[in-house]
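The values are calculated or read from the model by the stated rules, or taken from the named source; none is laboratory data. The model shown is predicted, which means the values in this text are computed figures rather than measured ones. In this analysis, Cβ positions are derived from the backbone assuming ideal geometry, glycine residues included, and neighbour counts consider all displayed protein chains.
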Amino acid sequence: MTHPTIKTRTISLIGVVFGLLALGSALLHFWLGPLEPTPPLEDVVAEQALKIKARVVAQLTGAASQEPPEPRTRSLDAWIDVLTVSFAFVAIACGVIAFIRREDRRATASAVLLGVGAIGFQFLALALSVIVLVILIGAVLSSLGLS
């Protein structure tokens, strides 16, 4: 017994809209760069390298380093990332619901792929930035003689 495809595309088109919003916000945020001022990369790398060096020295000497945890605040960039992932989740959820309701497969697949693409783009950008940061920290540590 075959089930007829529902001719309406309401839920899948809502998913497509949210997927486009998610992908658009991910790309726009990537190209605009950080919206709030950030410290220069050299300062961040040097600070992280000094923290790593202090922890290594503390571990080797047996002294326990007690640093109070810094209070966590969210910047505008972090809120944009959360908004992008939320839009992507809604797009994927709408695509799955539309697939279950047997709506048009092209619109359903588009909603899911746009949501997955937005999340994947964010992960790819984050992974590349982490790789660059690790390479820079490694270069600073090797210049300090901790290779």
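Against the list (1) part of a helix (DSSP H, G or I); (2) touching a residue at least 40 places away in the same chain (Cβ under 8 Å), the condition residue 24 fails is (2). Of everything listed in (1) of a type outside the set (Ser, Thr, Tyr); (2) surrounded by fewer than 17 Cβ atoms within 10 Å (Cβ to Cβ); (3) more than 16 Å from residue 13 (Cβ to Cβ); (4) in contact with a helix residue (DSSP H, G or I) (Cβ under 6 Å, 6 or more places away or on another chain), the single unmet condition for residue 140 is (2). Cβ-Cβ contacts under 7 Å between residues 6 or more apart (or on different chains), taken from a first residue in the stretch 121-146 that is under 19 Å from residue 42 (Cβ atoms) to a second residue that is surrounded by 13 or more Cβ atoms within 10 Å (Cβ to Cβ) and of a type in the set (Lys, Arg), are listed as 144/53; 146/53.
Of 47, 70, which residue is more than 21 Å from the chain's Cα centre (by Cα) and modelled with pLDDT of 80 or more? Even if it seems obvious, please write down each step before you answer.
Numbers: 70 fails: modelled with pLDDT of 80 or more.
Of the residues listed, the single one that is more than 21 Å from the chain's Cα centre (by Cα) and modelled with pLDDT of 80 or more is 47.
Being surrounded by fewer than 17 Cβ atoms within 10 Å (Cβ to Cβ) and either of a type in the set (A, V, I, L, M, F, W, C) or under 24 Å from residue 133 (Cβ atoms) (or both) is a description that does not apply to residue 118.
Being at pLDDT below 95, more than 29 Å from residue 106 (Cβ to Cβ) and part of a loop (DSSP other than H, G, I, E, B): is that true of residue 58 here? So residue 58 does not fit the description; no. Filtering the stretch 77-97 to residues that are modelled with pLDDT of 95 or more and small (Gly, Ala, Ser) leaves 86, 88, 91, 93, 95. For the residues 97, 92, the requirement of being touching a Gly at 6+ places or on another chain (Cβ under 9 Å) and farther than 25 Å from residue 125 by Cα singles out 97.
State yes or no: is residue 42 over 17 Å from residue 120 (Cα atoms) and surrounded by 11 or more Cβ atoms within 10 Å (Cβ to Cβ)? No. Among the conditions (1) surrounded by 13 or more Cβ atoms within 10 Å (Cβ to Cβ); (2) among the charged types (D, E, K, R); (3) in a helix (DSSP H, G or I), residue 106 misses just one, which is (1).
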